[in-house]
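Undergrad: Here you go, one structure.
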Amino acid sequence: MLMTVLLVTLIPLILLLISFWMPQTYPDTEKLSPYECGFDPLGTARLPFSMRFFLVAILFLLFDLEIALLLPTPWAINNANPNNTSTWATTIIILLTLGLIYEWVQGGLEWAE
């Protein structure tokens, strides 16, 4: 027990000392400026932004949410009726694929025209 307590306190202390000793950072204006997705943080906030950027961001959120719906599928397979779970998971994957194909054909995934 004593060995465990010593290791649990000694390892973080060693890592903390190494983290203060290792980095040799020299901040410049680029590193100190906030990250604003390519927008100038010092300019006016009323500049219009690219609608294409907005659409790609919405598509990412939509597909990310749909993939999150598939995460419980391995546990749901253990239900009494796994065919029902497989049917719903396959339906979600088919809808995602059809949506992706539609956006691809419509040119919604093209960043530049």
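The values are calculated or read from the model by the stated rules, or taken from the named source; none is laboratory data. Because the structure is a prediction, the values reported are computed rather than measured. Here the Cβ is made from the backbone with ideal geometry for all residues, glycine too, and neighbour counts use every protein chain on show. Surface areas here come from the heavy atoms of the whole protein model, side chains and all, with no ligands, DNA or RNA. Shrake-Rupley method; radii C 1.70, N 1.55, O 1.52, S 1.80 Å.
Undergrad: What are the residues in region 62-113 that are surrounded by 10 or more Cβ atoms within 10 Å (Cβ to Cβ) and small (Gly, Ala, Ser), if any?
TA: Of everything in region 62-113, those that are surrounded by 10 or more Cβ atoms within 10 Å (Cβ to Cβ) and small (Gly, Ala, Ser) turn out to be Ala76, Ser86, Ala89, Gly99, Gly108.
Undergrad: When residues of region 43-61 are filtered for being open to solvent by 50 Å² or more (accessible area, probe 1.4 Å) and modelled with pLDDT under 80, how many remain? Quick ask: steps written out before the conclusion?
TA: Taking region 43-61 and keeping what is open to solvent by 50 Å² or more (accessible area, probe 1.4 Å), we get 44-55, 58, 60-61.
Pick out the ones that are also modelled with pLDDT under 80 and you get 44-55.
Going through region 43-61 one residue at a time, the tally reaches 12.
Undergrad: Being over 17 Å from Leu96 (Cβ atoms) and of a type in the set (A, V, I, L, M, F, W, C) is the filter here; which residues of region 68-85 pass it? It would help to see each step written out before you state the result.
TA: Within region 68-85, the subset over 17 Å from Leu96 (Cβ atoms) is 74-84.
Result: Trp75, Ala76, Ile77, Ala80.
Undergrad: Of the numbered conditions (1) open to solvent by less than 90 Å² (accessible area, probe 1.4 Å); (2) out of contact with any helix residue (DSSP H, G or I) (no Cβ under 8 Å at 6 or more places or on another chain); (3) within 25 Å of Glu110 (Cβ to Cβ); (4) at pLDDT 80 or above, Glu36 satisfies every one except a single condition; which is it?
TA: Unmet for Glu36, out of (1) open to solvent by less than 90 Å² (accessible area, probe 1.4 Å); (2) out of contact with any helix residue (DSSP H, G or I) (no Cβ under 8 Å at 6 or more places or on another chain); (3) within 25 Å of Glu110 (Cβ to Cβ); (4) at pLDDT 80 or above: (4).
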